[in-house]
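The values are calculated or read from the model by the stated rules, or taken from the named source; none is laboratory data. Keep in mind it's a predicted model, so treat the numbers as computed, not measured. Cβ sites come from the backbone with ideal geometry, for glycine too, and all protein chains shown count toward neighbours. Just the protein is used for accessible areas: all its heavy atoms, side chains included, with ligands, DNA and RNA removed. Shrake-Rupley method; radii C 1.70, N 1.55, O 1.52, S 1.80 Å.
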Amino acid sequence: MFDALQPRPVDAILGLIAEFNNDDRPQKVDLGVGVFRTPEGETPVLDAVKSAERRLLEQQTSKAYLGTAGDPVFNLAMQNLAFGDSAPADRLTTVQTPGGSGSLRVAAGLLLTASPEVKVHVSDPTWANHVPLLGGAGLALSPYPYYDTNTHVIRTDEMLETLRALPKGEVVLFHACCHNPSGLDPSDDEWRAIADIVVERELLPFIDMAYQGFSRGLDEDAFSIRQMAARVPEMIVSTSCSKNFGLYRDRVGTLSVLSADAATAKTVQSQLSYIARTIYSMPPDHGAAVVRTVLEDPQLTARWHEELNEMRGRLLDMRALLNTSLQEHAPEHDFSHLIRATGMFCFLGLSVEQVDALKRDHGVYMVGSSRINVAGITPDNVGYVAESIAAVL
Ligand code: LMR
């Protein structure tokens, strides 16, 4: 049976991990997969997380199953982090999922169960895995204009015009903050304009928030969610603790669904349980137990906030540093969008050939679209990175 199979191309983002590890040039620089790094190039376990893990090791008394929805206390804490008090609790259902990807996959199952023909509109461009993940689950996807790769700005007017023309009931996937891959998010006023159209056209907002706290702050980054939750009958929100808690491999996320009334919310809950059961049965516990421990303890929460602020500060600093270094090494090119964007990513605006040359000739790794993870920049390597980019321009 299997001899008829063809190998798949390596994943555009994850494939870079192995390629980078196999490169033995000491000057190599990893600007590929979205993980936070310190100036020393490490992705540490946060202090708040380590403390919570120690406590769990001492105090956890059982590893018996919790159920398809995971830990309800974790779910409520995460729901509050995303929604604040923007929506009535009895209309909200939140389940724990294996990371943000697991959340997206369960959301796809819910949409397909509710409306098999539904169309989901995704930003052009969007996270490289959105399309295979949601499309692979069976959803019909369609792009809406988002980013202008020549001028490095959001195509606001075209986006709004496209959204305004969508048929009632269609789903629109938004990135709450730190748009992956461009790093450019709508302003609060632009979010208000988007919400107006969502309400007017009766669209279903589906908001992916994988970087809460990495752009402006925990509450500020949830602006789009809270703005819409207060105004729409139905909405989907996927969250991830991979980046803001640094729990990447532990796979921690949630899926929240806002329903038109409390009775529908209960039905949604039972559907989500069924979908989870038919895919992975139950989410992994450890990472979620860590997040719960942090969020339940004011001291650990305060330490987490400090660490989150440090991570955000470092990303902003590295953007400024790279922009300054590029001004020096490639003065005829404008990279100022680096400091207009936030979060981990932005596009350099290079061709596939230039990206290949950076990898081959300089050991500087980035996704083929020329998306870079600015957390890979350090005060030590920034000169080399800028010089290498200038060399391929
Ligand atoms: C990324 O975009 O680099 C991260 O979200 C990691 C991933 O799974 O692709």
* To do: Take the range 54-78 and flag every residue that is open to solvent by 60 Å² or more (accessible area, probe 1.4 Å) and of a type in the set (D, E, K, R).
  => 54, 55, 58, 63
* **Every residue from the range 97-142 that is touching a helix residue (DSSP H, G or I) at 6+ places or on another chain (Cβ under 6 Å) and in a loop (DSSP other than H, G, I, E, B)** => 118, 137, 138, 139
* Structure fact -> With criteria (1) small (Gly, Ala, Ser); (2) open to solvent by 60 Å² or more (accessible area, probe 1.4 Å); (3) not assigned by TED's automatic domain parsing to the domain that holds residue 187, residue 270 comes up short on (3)
* Asked: How many of the residues making up the range 350-376 are out of contact with any Asp or Glu (no Cβ under 9 Å at 6 or more places or on another chain) and open to solvent by less than 50 Å² (accessible area, probe 1.4 Å)?
  -> 12
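Taking the stated definitions as given, is residue 69 closer than 30 Å to residue 314 by Cβ and more than 16 Å from the ligand (Cβ to nearest atom)? Working first, answer last.
Working: closer than 30 Å to residue 314 by Cβ: no; more than 16 Å from the ligand (Cβ to nearest atom): yes.
No: the conditions fail for residue 69.
Please pick out the residue among 73, 33, 49 that is outside the structural domain of residue 256 (by TED's automatic domain parsing) and out of contact with any strand residue (DSSP E or B) (no Cβ under 9 Å at 6 or more places or on another chain).
Numbers: 73 fails: outside the structural domain of residue 256 (by TED's automatic domain parsing); 33 fails: out of contact with any strand residue (DSSP E or B) (no Cβ under 9 Å at 6 or more places or on another chain).
Matching residue, one of 73, 33, 49: 49.
Quick one: how many residues across the range 1-18 are in a loop (DSSP other than H, G, I, E, B) and either closer than 21 Å to residue 314 by Cβ or within 16 Å of the ligand (Cβ to nearest atom) (or both)? Reasoning before the result, please.
First, the residues of the range 1-18 that are in a loop (DSSP other than H, G, I, E, B): 1, 5-14.
Next, from what is left, pick out any that are either closer than 21 Å to residue 314 by Cβ or within 16 Å of the ligand (Cβ to nearest atom) (or both): 8-14.
Going through the range 1-18 one residue at a time, the tally reaches 7.
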* helices (runs of 4 or more DSSP H) wholly inside the range 293-372 that include at least 1 residues being of a type in the set (Gly, Ala, Ser) and within 30 Å of residue 80 (Cα to Cα) -> 298-329
* Restricted to the range 19-53, and to residues that are closer than 25 Å to residue 371 by Cβ and part of a helix (DSSP H, G or I), which residue is least open to solvent (accessible area, probe 1.4 Å)? -> 20
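Of all the residues that make up the range 79-108, how many are more than 16 Å from the ligand (Cβ to nearest atom) and open to solvent by less than 10 Å² (accessible area, probe 1.4 Å)? Spell out the reasoning first.
Pass one, the range 79-108, residues more than 16 Å from the ligand (Cβ to nearest atom): 79-96, 106-108.
Going one step further and asking which of them are open to solvent by less than 10 Å² (accessible area, probe 1.4 Å), we end up with 82-83, 93, 95-96, 106-108.
Summing the residues that are more than 16 Å from the ligand (Cβ to nearest atom) and open to solvent by less than 10 Å² (accessible area, probe 1.4 Å) in the range 79-108 gives 8.
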* To do: Quick one: which residue in 238, 215 is in contact with a Cys (Cβ under 9 Å, 6 or more places away or on another chain), within 16 Å of the ligand (Cβ to nearest atom), under 28 Å from residue 46 (Cβ atoms) and among the hydroxyl-bearing types (Ser, Thr, Tyr)?
  => 215
* What are the residue pairs meeting all of these: first residue in the range 248-263, first residue on the phi > 0 side of the Ramachandran plot, second residue at pLDDT 95 or above and crowded, with 20+ Cβ neighbours inside 10 Å, Cβ atoms under 6 Å, and 6 or more apart or on different chains? -> 251/98; 251/99
